[in-house]
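Presented below is the structure to which this report refers.
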Amino acid sequence: MPIEIKHLTHTYMPGSPFEARALNDICLTINDGEFIGIIGHTGSGKSTLISYFNGLERGASGAVLVNGVDLSDKNADLIAVRRTVGLVFQYPEYQLFEETVEKDIAFGPTNLGLTPEEVERRVVHAMHLVGLDPSRAKKSPFDLSGGQKRRVAIAGVLAMEPSILVLDEPAAGLDPAGRHEMLELISDIHESGVTIVMVSHSMDDVGRYCDRLFVLSHGEIAYQGTPAEVFVHGEELNKIGLDVPECAKLAARLRKAGFDIPQDAYRMEDVAGYIVKNIGKGRSDR
Amino acid sequence: MIKNVTLGQYFPGDSFVHKLDPRTKLLATIALIAVVFVSNGFAGFVMIAAFVLLTALSTGVHLKFLFKGLKPIMFIIIFTFILNVFFQQTGEVLVQFWVIKITTGGLRMATFMAARLILLVVASQLLTLTTSPISLTDGLESLMRPASKLGFPAHEIAMMMSIALRFIPTLMDEADKIMKAQKARGANFETGNLIQRAKAMIPLLVPLFVGAFRRADELALAMDARCYRGGAGRTRMNQLKYGTRDLIAAVAIVALFVLVILANRFCPF
């Protein structure tokens, strides 16, 4: 069990007039090889939650176990944990600082104390993984386009070769094509054997790629399960400011109108298939 | 850890002091500072302290925040106190051993100086706790306006101050985010010698500066797009106006001044 969270509660600025509870009694488990989606409205506690995944936030009540190591333990080896859990924050391109792409990607592995040869190998490999052309290695990261910068930043985390990769809104601010490319890239990384946790507010994105979802609302897990299980709660999700994928909405409306479309249909291909089956059959209640 | 720094520590409220014109509050604070220096005895200090405390209580601001401002200068207060105890050698001798001699005069002077420092900080704390940064700069601009006739850039300074105040929390947030991101990449900001630590700041400072310049560019463009052209001929949405409240506050401050001067003359304690 790579990540296990038990009864985690986080209070923001305790003891001040601005005190607020960001996380309240969160319990969740993430298994090896899964593609997990964490969804929630702005301020639902998503970003705070993932800061606990590699010990950036500690000391709240509750326990966070990564591969069995309790991160709230003062003696926990945080460097080892950060090696296991790679965290890519929102707009990661704003963390770039080195003169060249190569050096920036090498920052993480160098901090791990690896040999220069190993760092070099990892940089080349990471650039390959995120689809960066090797000719860009010596360029300044500040001269690249937004999407390319983000790839460099993700490569910087991948070069630490984590077994779990956590991404906070990896597709935010990208155009539709860039968005699609980014998500496909993450899917490829998942296929190479890395456990993925993706934070998003796009139901379409998480519905397409994730095995399991956690829906956060006001610092609590409101719903969890496979996308099909979560999307059944369309109206409740609406109430907490979230939406279900367009196809799930269409399926729900058709179902209400009396057409025979199963509850777990939310992917475009599936819904289209069921619509085709319904053509000519008429409504089932007639 | 960065989040614990409170800059622009405005404490929202709806009290008499909160509703005062920021210019009144600025001038009153200057007057309070002056009166602290005018007072030459403890009787005056007791009056000023009572005035400040009563005002603070009326604002509904938690007293804890009033004294929080003392923390950073605690060292200076203690240092001043010790220095005065040892080097002011007047009055009766209380304790004497080796070269150290503590006298009543020394103790009196030490307490006096410490009390003066504490009063100064607490009084000015009252201003920043009850005035939002924006109305504070508005008040400053208005007070500095006469000087702009002499070529003093009052509006520009006030604008720069509001922009700086507006962006401090944003930059703090950004610094916090970048720090977390670099820590996630194995960066170490906490240990190592001075040179190692300074070097460790590069991954934090470079993105922070890049971000600050980007923001400045965007802000300049946004101001341009809304036809900003400096202070000349610019009207305000919230006009500052003195009211009855401000008159009451002025009378109270003047009364305090008179009382302290009387105390200086007739109650030299």
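Only the coordinates and a few stated rules stand behind these numbers; no lab work does. Source: prediction; values computed, not measured. All Cβ positions, glycine included, derive from the backbone under ideal geometry; neighbour counts span all protein chains shown.
What do you get for Rg/Rh over the range A:3-244 if you use C-alpha atoms and the Kirkwood form of Rh?
0.97
If N is the number of residues in chain B, what value comes out of its Cα radius of gyration divided by 2.2 N^0.38 Å? Mind dumping the intermediate values first?
Details: Rg = 23.8 Å, N = 269, 2.2 N^0.38 = 18.4 Å.
Cα-based Rg divided by the globular estimate yields 1.29.
Name the long-range amide H neighbours of A:Leu23: under 5 Å, sequence gap of 5 or more, or other chain; modelled H, no Pro or chain starts.
Amide H neighbours of A:Leu23, under 5 Å, 5+ apart: A:His10.
Using 0.36 nm per residue, how much length does the chain from B:Phe266 to B:Asp224 gain when fully extended, once their Cα-Cα distance is taken away?
Values: separation 42, 0.36 × 42 = 15.12 nm, distance 6.12 nm.
Stretched out fully, the B:Phe266 to B:Asp224 stretch lengthens by 9.0 nm.
Pick from A:Gly178, A:Gly68, A:Gly225: which residue has the top mean-square fluctuation in a GNM of chain A where Cα pairs under 10 Å get a spring?
Highest fluctuation among the options: A:Gly68.
If contacts are Cα pairs under 8 angstrom and at least 6 residues apart, what is the relative contact order of chain B in percent? Don't skip to the end; give the middle numbers.
Values: 252 pairs, mean separation 86.9, N = 269.
Here the relative contact order equals 32 percent.
Could you compute Rg(Cα) / (2.2 N^0.38 Å) for the range B:123-269, with N its residue count? If you can, show how the numbers build up before the last one.
Numbers: Rg = 23.1 Å, N = 147, 2.2 N^0.38 = 14.7 Å.
After normalising by residue count via 2.2 N^0.38 Å, the value is 1.58.
Based on the Kirkwood radius over alpha-carbon pairs, what is the Stokes-Einstein translational diffusion coefficient of the protein assembly as shown at 37 °C with 0.692 mPa s viscosity, in µm²/s?
On the way: Rh = 28.6 Å.
So the translational diffusion coefficient is about 115 µm²/s.
Quick one: among A:Arg208, A:Arg82, A:Arg151, which has the greatest mean-square fluctuation in a GNM of chain A with alpha-carbon springs under 10 angstrom?
Per the Cα network of chain A with a 10 Å cutoff, A:Arg208 tops the list.
Report the convex hull volume per residue for the range B:153-234, counting only C-alpha atoms, in Å³. Write down the numbers at each step before the final one.
On the way: hull volume 9.0 nm³, N = 82.
For the range B:153-234, the hull spanned by Cα atoms encloses 110 Å³ per residue.
Considering all projection directions equally, how large on average is the shadow of the alpha-carbon convex hull of the range A:68-181, in square nanometres?
On the way: hull surface 31.0 nm².
It is 7.8 nm².
Want the number for B:Arg197 to B:Ile168: 0.36 nm per residue separation, take away the alpha-carbon distance, what's left? Walk me through the intermediate numbers first.
Values: separation 29, 0.36 × 29 = 10.44 nm, distance 2.33 nm.
Contour length minus the Cα-Cα distance gives 8.1 nm.
Take the alpha carbon gyration tensor of the range B:34-86, find the square roots of its eigenvalues, order them as a ≥ b ≥ c, and report rounded if a/c is under 1.5; if not, report prolate when a/b exceeds b/c, else oblate. Show your work: numbers first, answer last.
Details: a/c = 3.05, a/b = 1.29, b/c = 2.37.
Oblate, since a/c reaches 1.5 and b/c is not below a/b.
From the Cα gyration tensor of the range A:245-286, with a ≥ b ≥ c the square roots of its eigenvalues, which class applies: rounded if a/c is under 1.5, or else prolate if a/b is larger than b/c, or else oblate?
On the way: a/c = 2.41, a/b = 1.49, b/c = 1.62.
Since a/c reaches 1.5 but b/c is at least a/b, the shape of the range A:245-286 is classed as oblate.
Which percent of the Cα-Cα distances in the range A:108-239 go past 19 Å?
Numbers: 4832 of 8646 pairs.
So the portion of pairs separated by more than 19 Å is 56 percent.
Report the Cα centroid-to-centroid distance between the range B:192-248 and the range A:161-178 in angstrom, as an integer.
Cα centroid of the range B:192-248 versus Cα centroid of the range A:161-178: 31 Å apart.
Report the residues of the range A:36-61 in range of a label on B:Glu190: point 7 Å along Cα→C-beta, backbone N strictly under 17 Å from it.
A:51-61
So how far apart, in nm, are the two label points at B:Leu57 and A:Glu99 if each is 7 Å from Cα heading toward Cβ?
Here the answer is 6.5 nm between the modelled labels.
Roughly what angle does helix B:42-59 make with the longest principal axis of chain B, taking Cα atoms, 0 to 90 degrees, to the nearest 10?
Approximately 40 degrees, to the nearest 10.
Positive end of the charge dipole of chain A (Lys, Arg +1 and Asp, Glu -1 on Cβ, about the Cα centre): tell me which of A:Leu96, A:Met13, A:Val85 has its Cα farthest that way.
It is A:Met13.
Of B:Lys64/B:Lys180; A:Lys6/B:Lys177; A:Lys46/A:Lys239, which ones are farther than 23 Å apart at the Cα? Show your work: numbers first, answer last.
Values: B:Lys64/B:Lys180 31 Å; A:Lys6/B:Lys177 25 Å; A:Lys46/A:Lys239 18 Å.
Over 23 Å Cα-Cα: B:Lys64/B:Lys180; A:Lys6/B:Lys177.
Straight distance only, please: which aspartates and glutamates reach the Cα of A:Lys74 with their own Cα at less than 19 Å, same-chain residues fewer than 8 apart left out?
A:Glu4, A:Glu57, B:Glu190
Put +1 on the Cβ of every Lys and Arg and -1 on every Asp and Glu Cβ in the range B:153-234; which of B:Gly211, B:Leu194, B:Gly230 then has its Cα farthest towards the positive end of the dipole?
Highest projection toward the positive end goes to B:Leu194.
Suppose every K and R has +1 on its Cβ and every D and E has -1 on its Cβ; what is the size of the dipole of the protein assembly as shown about the Cα centre, in Debye to the nearest 20? List each step's numbers first, then the result.
Details: 57 positive and 55 negative charges, 512 e Å.
Once rounded to the nearest 20, the dipole reads 2460 debye.
Given a 10 angstrom Cα cut-off, can you work out which residue in B:Val95, B:Val258, B:Val46 is the most mobile in a GNM of chain B?
Its mean-square fluctuation being the largest, the pick is B:Val95.
Provide the FRET efficiency to the nearest 0.05 for the B:Ala216-B:Trp98 pair, computing r from the beta carbons and using R0 = 56 Å.
Details: r = 60 Å, r/R0 = 1.07.
That gives a FRET efficiency of 0.40.
How big is the dipole moment of the range A:72-221 about its Cα centre under a simple scheme where the beta carbon of each Lys and Arg is +1, that of each Asp and Glu is -1, and everything else is neutral? Debye, nearest 20, please. Could the numbers behind the result be given before it?
Numbers: 15 positive and 24 negative charges, 38 e Å.
It comes to approximately 180 debye.
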